[in-house]
Amino acid sequence: SYFEHNRKMKGQLIAQRILAGESCALITDAGTPAISDPGCDLVDICSREGIQVVAVPGPCALIAALSIAGMDCGRFCFEGFLSVNKKSRREHLEDIREEKRTMVFYEAPHKLLRTLEDFYKTLGERPIALVREITKVHEQVWRTTLSEAIAHYTEEPPRGEFVLVVAGAEEAPAPEASYTLEEAAQLAASLAAGGLSASEAAKEAAQTTGFKKGEIYRLLLEQ
């Protein structure tokens, strides 16, 4: 896009000034530079030009929000901002439909309600922690569900910047066994007698019975 091209051109100019002997500090007024931030382009350009980039550790909304969200953070993934482009946004949401790790997003107040609605449409009901204005005077953590958050912000327009901590997909319950392993192997044997190879018969029997293909295959060969 035009804005992306313009941003990279400015980054090249900054890199040229650094190579000419000037010093540069990348500073933002909202969290850690280059994390879901155009500053990552400048870091990339400097790296390509052989310019050393040194990090000065500071507050990061992602980690700070996770630490107070009260949700599982043993495993998590950072998803940044959802795209405003309809196609990219839809593809992003489809990609995370089955994600089992806790997911963390950033969102601006004027786009929050749409994002919550899109989450609900794609992911279904999920626990969510909305961390608002973190480290600021009006910091707030609200642990709720997607449907309750949508109802609330439909009536009350959101204010402030948000970190959204969304629960991952739950493990699907194992289907109740209606076959024994021996019966699954017998099914595979009948399929093999019908012309399938042992491997194909075991695979099809596995899909029907829920047992692993390897288990059925080994028992089939023993018969």
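Remarks
- Mean-square fluctuations from a GNM of the chain, with a 10 angstrom spring cutoff on Cα atoms, peak among 211, 105, 119 at 211.
- For the chain, built as a Gaussian network whose Cα springs stay under 10 Å, the top-fluctuating residue of 141, 163, 56: 56
- Relative contact order %, region 1-85, counting alpha carbon pairs below 8 Å whose residues are six or more apart: 26
- Extension reserve of the residue 178-residue 47 stretch, reckoned as 0.36 nm per residue once the Cα distance is removed: 41.3 nm
- Extension reserve of the residue 171-residue 141 stretch, reckoned as 0.36 nm per residue once the Cα distance is removed: 8.1 nm
- Cα pair count fraction exceeding 19 Å, expressed as % - region 18-135: 57
- Here the chain carries DSSP beta bridges of which approximately 80% are antiparallel, counting only pairs with both residues inside.
- Lys/Arg +1, Asp/Glu -1 at C-beta; the chain dipole; positive extreme among 196, 9, 66: 9
- Here the dipole of region 1-150 is about 220 debye; that uses its Cα centre as origin and unit charges on the Cβ of Lys and Arg (positive) and Asp and Glu (negative).
- Cα long-axis angle, helix 213-222 against the chain (0 to 90 degrees, to the nearest 10): 20
- Computed extension length for residue 97-residue 153: 17.8 nm, one decimal, from 0.36 nm per residue of separation with the Cα-Cα distance subtracted.
- FRET E, pair residue 68, residue 28, Förster distance 25 Å, beta-carbon r, rounded to 0.05: 0.70
- Nearest-0.05 FRET efficiency for residue 85 and residue 18, computed from C-beta distance (R0 25 Å): 0.15
- Taken along its three principal axes, the alpha carbon spread of the chain comes to 77, 49, 32 Å, from the longest extent down to the shortest.
- Straight-distance crosslink candidates among lysines, where the alpha carbon sits under 19 Å from residue 111 and sequence neighbours closer than 8 are dropped: 86, 87, 121
- Carbon and sulfur %, accessible surface of region 28-159 computed with the full protein complex present, 1.4 Å: 52
- Comparing mean-square fluctuations of 160, 210, 31 from a GNM of the chain with C-alpha springs under 10 Å, the top value falls on 210.
- Relative contact order, percent, region 129-215 [alpha-carbon distance under 8 Å, six or more residues apart]: 22
- For a paramagnetic label modelled on residue 133 (point 7 Å from Cα along Cα→Cβ), amide N atoms under 11 Å away belong, within region 153-167, to 159-161.
- Summed residue charge, Cβ within 10 Å of residue 191's Cβ, Lys/Arg positive, Asp/Glu negative: -1
- Charge sum, other residues only, whose C-beta stays under 9 Å from residue 93's C-beta, Lys/Arg counted +1 and Asp/Glu -1: 0
- Solvent exposure of the chain, expressed per residue, is 64 Å² of accessible area, with all protein chains present and a 1.4 angstrom probe.
- Average Cα contact separation per residue, the chain, under 8 Å, 6 or more apart, as relative contact order %: 15
The values are calculated or read from the model by the stated rules, or taken from the named source; none is laboratory data. Note that the structure is predicted; figures quoted are calculated from it, not measured. Ideal geometry is used to build each Cβ from the backbone, glycine not excepted, and the neighbour counts take in all protein chains shown. To get the accessible areas, we keep the full protein, side chains included, count just its heavy atoms, and leave off ligands, DNA and RNA. Shrake-Rupley method; radii C 1.70, N 1.55, O 1.52, S 1.80 Å.
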